[in-house]
Amino acid sequence: MSAVFPTVREVLALDPVRHGTPRVVAGDAGLDRPVRWVHVAEVPDIATLLGGGELVLTTGIGLPADDAGLRAFIGDLADVGVSGLVVELGRRYVSGVPRVMIAAAERRGLPLVELRRGTPFVRITEAVHALIVDAQLTELRAAEEIHQRFTDLSVEGADASEVIRQAAELSGCPVVLENLSRQVLGYDPAGESAELLLDGWEQHSRRIRPAGRTAYDPDSGWLVTVVGARGQDWGRLLLRWPASGDASSARAGEPTVDPPTRLTILIERAASTLALGRLIRRDAEGLERQLHRTLLTALLDHSRPVDEVALRAKALGVALDRRHLVGVMVRQRADDPGGEAGPEAGQARLRDLSEAVGQALREAKLTALTSAVDDNSVGALLALTDPAAEDRALSAFASALRRVRLDAGTGRAAAGDGSRGGVPGAVIVAAGSGVSSLREARRSLVEARQVAEAARRDRRDLPIFRLPHVGLAGLLHLLRDEPRLQTFVERELGPLLQYDAQHPRERLLDTLRAYLEQGRNKSAGAAAAHLSRPAFYERLARIARILDVDLDSVEASLSLHVALLALEAVRTP
């Protein structure tokens, strides 16, 4: 039930109720139950007409005379979920309600209140209903502000951190954005301790399992919604309510109080804004560079027919038909487009890199489509007349880029300079496999982008990184943001990760890692895990049961080993 409704305690504080000098005689632990409506009743079988959440007012004149009947009356009200029962003394009961009613209400946790002074029930119903309507109007106004705020953020193209900040500000609650592997992408603690909020986040998040795309998990106190667009989910947005702690701290036996409707609206609008922001890229380049970027993006995203791309590229002076095509990516080693100096500095750095790539292509006398393709990378599709000239052309481009950047004073850590990988000026040059058709160009571009991403973990000083330089760990690292890889990890290891989250001392994931890293040699695995062989064997058997796999199977073990490597890649920045 929504928190927009007043509680029994708040109703008892209203002037028309205080006029009746109320006294709580049973069920005081339930005074924080919300009151959805007020209902006046003088018949014993009223429960069949109620839907739950009502505060029942009665004088008692129609209630049963026998103890069994009174117990049944109280039981029926409790079963239907009323918020409380208010009995006005003076007509049926003079000095107080019967003890049997008090005992029954206390046993069922139902608030039972005596009004020791006569008061018109109509004044109570008017006051409570006015309170409910006012609260609902406040909710509507808050929902309108939420819609307006997030519409503005969408139009402005606000980044994820700003969307999360606004969500925390509007709700007054901590907000966390995570990917499908439960890694935190962004957060705002709403004035609370960030360290406490994120401590052991992955294990904590795996215990938050609401039912539905947007739902509240009362056990943890988190309101959760899935983030994604066009059928591709890539994360979850979580809002903790109440902000003071999770629902487990509530009084035992109290009914669950769902978050206000406005918070559900807020988290869904924030998730929509995040998904939209991921789809939209603002661009401030010149017209020609925009056209280059449009064509490169069309090749990467299959958003235009290749014949149209070839025609438009030819109009720009870049012939792609009957050419040997090679995808190239030049990227910053450090992911810091916004940086501490702000987003303008990051954009200026990317613009400088884009200009350097263009100049290097001209100096090497190479024809190519080229433009920035994301916040850290500049892509190029080289169009060569002779396939045998591929290696020579790439070497010429890398050398020219190094010279251009040194001449510009930005080459302190020039292309391929792995020894200074942490320096903001350091870049990586990566190339995909050459192809003979424009229809295959996307494969070369994607391969170059993947190799460039994986090469960030490689500290060798190579002028050009190619696919043979990237191992399995590097390949998984470059795919770590891919939802399908994260889904694979969850499918393979999810039950074990869930178990470890609930039993942190056992660390069965480490046992599985030791077993697989030792080539499925159980004796060596036990030694690596610092466990006795019987204990190690017992843990392996438990892992097999949890994951429902045969650990003696080479195929199953290979799949689990890849999933472990992928999990490490996802967890590594």
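The values are calculated or read from the model by the stated rules, or taken from the named source; none is laboratory data. Given the structure is predicted, the values throughout are model-derived calculations rather than measurements. Here Cβ is always computed from backbone atoms with ideal geometry, including for glycine, and neighbour counts include all displayed protein chains. Protein only, heavy atoms only, side chains kept; ligands, DNA and RNA dropped before computing areas. Shrake-Rupley method; radii C 1.70, N 1.55, O 1.52, S 1.80 Å.
Rounded to the nearest 0.05, what FRET efficiency do Ala389 and Leu316 have when you use their Cβ-Cβ distance and R0 = 35 Å?
Numbers: r = 22 Å, r/R0 = 0.63.
Efficiency for this residue pair is about 0.95.
For Ser523 and Val446, what does the FRET efficiency come to when R0 = 41 Å and r is the distance between their Cβ atoms, rounded to the nearest 0.05?
About 0.40, to the nearest 0.05.
Using DSSP to call loops (not H, G, I, E or B), can you name the trypsin sites (Lys or Arg not before Pro) in region 149-247 whose Cβ has at most 11 other Cβ atoms within 10 angstrom?
Of the trypsin sites (Lys or Arg not before Pro), the ones in loops of region 149-247 whose Cβ has at most 11 other Cβ atoms within 10 Å are Arg230.
Checking the a/c ratio against 1.5 first, then a/b against b/c, what shape does the Cα gyration tensor give for region 1-75?
Verdict is prolate for region 1-75.
Take Arg9, Arg107 and sort them by solvent-accessible surface of the protein heavy atoms, 1.4 Å probe, largest at the top.
Numbers: Arg9 105, Arg107 160 Å².
The ranking, largest first, comes out as Arg107, Arg9.
What is the sum of charges, Lys and Arg at +1 and Asp and Glu at -1, for the other residues whose Cβ falls under 10 Å from the Cβ of Thr7?
0
Tell me which chymotrypsin sites (Phe, Trp or Tyr not before Pro) from region 500-545 have a DSSP coil assignment and no more than 16 other beta carbons within 10 Å of their own.
Here no loop site has a sparse enough neighbourhood.
How do 290-298, 385-393, 454-462 rank on mean C-beta neighbours within 10 Å, highest first?
Averaged packing, sorted descending, gives the order 290-298, 454-462, 385-393.
Among Gly96, Phe150, Phe397, which residue has its Cα positioned farthest towards the positive end of the charge dipole of the chain, with +1 placed on the Cβ of Lys and Arg, -1 on the Cβ of Asp and Glu, and the dipole taken about the Cα centre?
About the Cα centre, the residue reaching furthest to the positive side is Phe397.
Order Arg439, Arg322, most accessible first, counting only protein heavy atoms with a 1.4 angstrom probe.
Arg322, Arg439
Could you rank Ile124, Ile464 by how accessible they are, 1.4 Å probe, largest area first?
Ile464, Ile124
I need to check one value: relative contact order of the chain, counting alpha carbon pairs closer than 8 Å and at least 6 residues apart, in percent.
Computed over the chain, the figure is 10 percent.
Using only Cα atoms, tell me the angle between helix 483-502 and the longest principal axis of the chain; keep it within 0 to 90° and round to the nearest 10.
In the chain, helix 483-502 runs at an angle near 50 degrees to the longest axis.
In degrees from 0 to 90, rounded to the nearest 10, what is the angle of the helix 441-454 Cα long axis to the longest principal axis of the chain?
Orientation of helix 441-454: about 70 degrees from the principal axis.
Which angle from 0 to 90°, rounded to the nearest 10, does the C-alpha axis of helix 390-407 make with the longest principal axis of the chain?
That helix lies at roughly 70 degrees to the long axis.
Test of the criteria: in region 170-220, which GluC sites (Glu not before Pro) are in a DSSP loop and have at most 15 other Cβ atoms within 10 angstrom of their Cβ?
Passing sites in region 170-220 are Glu192.
Which label marks the calculated value of semi-axes √(5λ) of the Cα gyration tensor in Å, given the options [x] 64, 31, 18; [y] 39, 33, 21; [z] 43, 26, 21?
Computing semi-axes √(5λ) of the Cα gyration tensor in Å and matching it to [x] 64, 31, 18; [y] 39, 33, 21; [z] 43, 26, 21 gives [x].
By the gyration tensor of its Cα atoms, with a ≥ b ≥ c the square roots of the eigenvalues, what is the shape of region 1-158: rounded for a/c under 1.5, prolate for a/b over b/c, or oblate? List each step's numbers first, then the result.
On the way: a/c = 2.94, a/b = 2.22, b/c = 1.32.
Here region 1-158 falls in the prolate category.
Please find the FRET efficiency linking Leu49 to Glu195, where r is the Cβ-Cβ separation and R0 is fixed at 51 Å, and quote it to the nearest 0.05.
Values: r = 52 Å, r/R0 = 1.02.
The calculated FRET efficiency here is 0.45.
Given charges of +1 on the Cβ of Lys and Arg and -1 on the Cβ of Asp and Glu, with all other atoms neutral, how large is the dipole of the chain about its Cα centre, in debye to the nearest 20?
In debye, rounded to 20, the chain gives about 1220.
Could you work out the relative contact order of region 433-544? I mean the mean sequence separation of Cα pairs under 8 Å and 6+ apart, divided by the number of residues, in percent. Show your work: numbers first, answer last.
Values: 75 pairs, mean separation 16.3, N = 112.
After rounding, I find 15 percent.
Could you rank the peptides 112-121, 366-375, 324-333, 499-508 by their average count of other C-beta atoms within 10 Å per residue, with the highest value first? Walk me through the intermediate numbers first.
Numbers: 112-121: 17.7, 366-375: 20.9, 324-333: 25.5, 499-508: 13.3.
My ranking of the peptides, most packed first, is 324-333, 366-375, 112-121, 499-508.
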